[in-house]
Amino acid sequence: LTQLRGDQVICVSNREPLIHDRGADGGVLVKRPASGLVTAVEPVMQACSGTWIAHGSGSADRDMVDADDRVVVPGGQQDYWLRRIWLTEEEEKGYYYGFANEGLWPLCHVAHVRPVFRRSDWEAYKAVNQRFADAVVAEARSEDPIVLVQDYHLALVPAMVREKLPQATILTFWHIPWPNPESFGICPWRRELLRGMLGSTILGFHTRFHCRNFLETVDRYLEARIEHEHSIISVGRKETYVESYPISIAWPDETESAAWPAVAASREAVRARLGLPEDARIAVGVDRFDYTKGIIERINAVERLLEKHPEHLGRLAFVQVASPTRSELDEYHGFQDRVKALVARVNARFGREGWQPVHLLAEHHDHAQLIELYRAADACVVTSLHDGMNLVCKEFVAARDDERGVLVLSRFAGAARELHEALIVNPYDVEETADALHRAVTMSEPEQRERMASLRTNVAEFNVFRWAGRMLVDAGRWRLRARVEARLR
Ligand code: GDG
């Protein structure tokens, strides 16, 4: 990140890194949103300062910001500015709930929920993207800031910024998967989205597989020159470099981990809170309450496990944190209701006096509570049906400095390409997932230790600063190249 000294960094995302609210006594409350993007990007902003532009979604009060809609976010190595953009209800409905989350989210996850594309949502998406791009231009203090554009809500921002700031270095990171060209082709505005993204200097995805899908999609729908070998797309004289940058988490430093409760104390606290017996085994899942995360498949696997291995009855508790998300959308309501009904059925089938196998905690938890759960767990279960990366599995690994606990991980999460010592499963295969759960909660301590130690080495090394660092080194290279070419012209 020392690369950035002297350069202005502007990050732009839909989601804000913190939510301001008012408590019952009128005091200001600060909450962290449940978001993989924020988990990963905030440490980078704290290390390099700059300005983060985001939608003031959760912030009840506009009087907490200055005249430019900005607040200083303290912490980390440096403070940074957060500039909020306030969207009207109409704008939020069309741009965020509509086009981004009923259209692009299911489109890119190919998750068996049909994408919905409405012209009015598309118009709102374009208009709101323009507002974000205008805010970037307004914040720029030079002709060539470094602009970090985050995610599928803002696909048009790169070209919009490029138009006004042709010298800017624009790094766009797409946090969700990129589907194959046929799937992406469903979108009526596929060409406009691709052209918008190609305003970027560098376009990042989590995996090579997503990069390849993107190159093939451009090949299919645009007139562009594609150098597959170097992963460069040229449209006219404009070049975009497409590369994989697997995202990660900030590895906890010693001060942070020293403040954690002991593993035994965490277990005790979780057992006491959920009324579990002394010898209970605990498996956990932590997700936004989203249909892509495979929560139904996971509970089906728990049910199958209890059928196959009745020795776990009365002893194994599966605890699922499902934090509220996008609850305004019917698809999410329906899904969340189905999960609740399934949990009730499994608990009615296998529960007994004073014990139930599944604990669904459908509310937002604070960070300390998640750490406690991760540390209390014999197993952490991630069964996404499709996931760009998935950070929960990396957080679990980071929380286990005792080198115990087993990770069960979906092969459809980007993380499965890095975390080979996890028990990798196909979540659609209920037998395989149930068997992996059984193996996880009965694994010998030496085997747990061997796997966890190796996972920890991997996540500690390939942490979020490596992610950001690699992108910024590449940005530096492209910046230099553009400057040299401009001089030669
Ligand atoms: C997208 C991509 C990619 C969850 N519940 C609570 C809470 N969380 C936190 C977790 C974790 C984050 O939310 C979820 O991150 P994921 O990576 O699992 O998933 P998405 O939000 O879908 O993120 C994903 C990511 O972007 C980064 O590129 O990995 O593939 O879909 O940090 O701990 N946090 C708190 N309370 C909760 O109740 N505080």
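Here, each number is a calculation from the coordinates, and none is a lab measurement. These numbers come from a predicted model, not from an experiment. Heads up, the Cβs are rebuilt from the backbone with ideal geometry, glycines too, and the neighbour counts pull from every protein chain shown.
When we screen ARG375, ARG345 for residues that are farther than 20 Å from ASN300 by Cα and of a type in the set (Lys, Arg), the only hit is ARG375.
Residue pairs whose Cβ atoms lie under 7 Å apart, sitting 6 or more positions apart in sequence or on different chains, and linking a residue in region 26-52 that is closer than 17 Å to ILE247 by Cβ to a partner that is within 16 Å of the ligand (Cβ to nearest atom) and of a type in the set (Asp, Glu), are LEU37/ASP151. Scanning region 182-211 for residues that are away from the ligand (no atom under 16 Å from the Cβ), more than 20 Å from PRO158 (Cβ to Cβ) and assigned to a helix (DSSP H, G or I) returns GLU182, SER183.
A Cβ distance below 6 Å, combined with a sequence gap of six or more or placement on separate chains, defines the contacts here; from region 379-405, residues that are polar (S, T, N, Q) reach residues that are within 6 Å of the ligand (Cβ to nearest atom) in the pairs SER384/ASN390.
Restricting to region 147-181, and then to whatever is touching a Cys at 6+ places or on another chain (Cβ under 7 Å) and not in a helix (DSSP H, G or I), can you tell me which residue is surrounded by the fewest Cβ atoms within 10 Å (Cβ to Cβ)? Top of the filtered list is PRO179. Close contacts from region 96-107, counting a first residue that is in a helix (DSSP H, G or I) and a second that is surrounded by fewer than 23 Cβ atoms within 10 Å (Cβ to Cβ) and of a type in the set (A, V, I, L, M), with Cβ to Cβ under 7 Å and a gap of 6+ residues or different chains, come to TYR97/LEU329; ASN101/LEU329; GLU102/VAL116; GLU102/LEU329; GLY103/VAL116; PRO106/VAL113; LEU107/ILE186. Exactly one residue out of SER234, SER200 is over 19 Å from MET471 (Cβ atoms) and among the polar types (S, T, N, Q): that is SER234. Checked against (1) surrounded by fewer than 23 Cβ atoms within 10 Å (Cβ to Cβ); (2) in a loop (DSSP other than H, G, I, E, B), VAL319 passes all but condition (2). Could you tell me which residue of region 192-236 is nearest to PHE117 (Cα to Cα), considering only residues that are of a type in the set (Val, Ile, Thr) and out of contact with any helix residue (DSSP H, G or I) (no Cβ under 7 Å at 6 or more places or on another chain)? Checking each candidate, the answer is VAL235. Of the strands (runs of 3 or more DSSP E) lying entirely inside region 374-482, those carrying at least 2 residues that are of a type outside the set (Lys, Arg) and crowded, with 24+ Cβ neighbours inside 10 Å are 379-382, 406-410. When region 340-360 is filtered for residues that are more than 15 Å from the ligand (Cβ to nearest atom) and in contact with a helix residue (DSSP H, G or I) (Cβ under 9 Å, 6 or more places away or on another chain), the ones remaining, listed by number, are LEU342, VAL343, ARG345, VAL346, ARG349, PHE350, GLN356, PRO357, VAL358.
For region 125-176, taking the residues that are within 16 Å of the ligand (Cβ to nearest atom) and among the β-branched types (Val, Ile, Thr), the one that is farthest from GLY199 (Cα to Cα) is identified as ILE176. If you check GLU363 against the conditions, is it of a type outside the set (Ser, Thr, Tyr), more than 15 Å from the ligand (Cβ to nearest atom), under 22 Å from SER35 (Cβ atoms) and not in a helix (DSSP H, G or I)? It is false that GLU363 is of a type outside the set (Ser, Thr, Tyr), more than 15 Å from the ligand (Cβ to nearest atom), under 22 Å from SER35 (Cβ atoms) and not in a helix (DSSP H, G or I).
Restricting ARG273, ARG267 to those that are assigned to a helix (DSSP H, G or I), within 16 Å of the ligand (Cβ to nearest atom) and farther than 29 Å from ARG417 by Cβ reduces the list to ARG273. Under the condition of being within 16 Å of the ligand (Cβ to nearest atom) and out of contact with any Leu (no Cβ under 9 Å at 6 or more places or on another chain), the residues counted in region 276-294 number 5.
Return yes or no: is VAL302 more than 16 Å from the ligand (Cβ to nearest atom) and under 26 Å from the mean Cα position of the chain (by Cα)? Taking the combined requirement at face value, the residue satisfies it.
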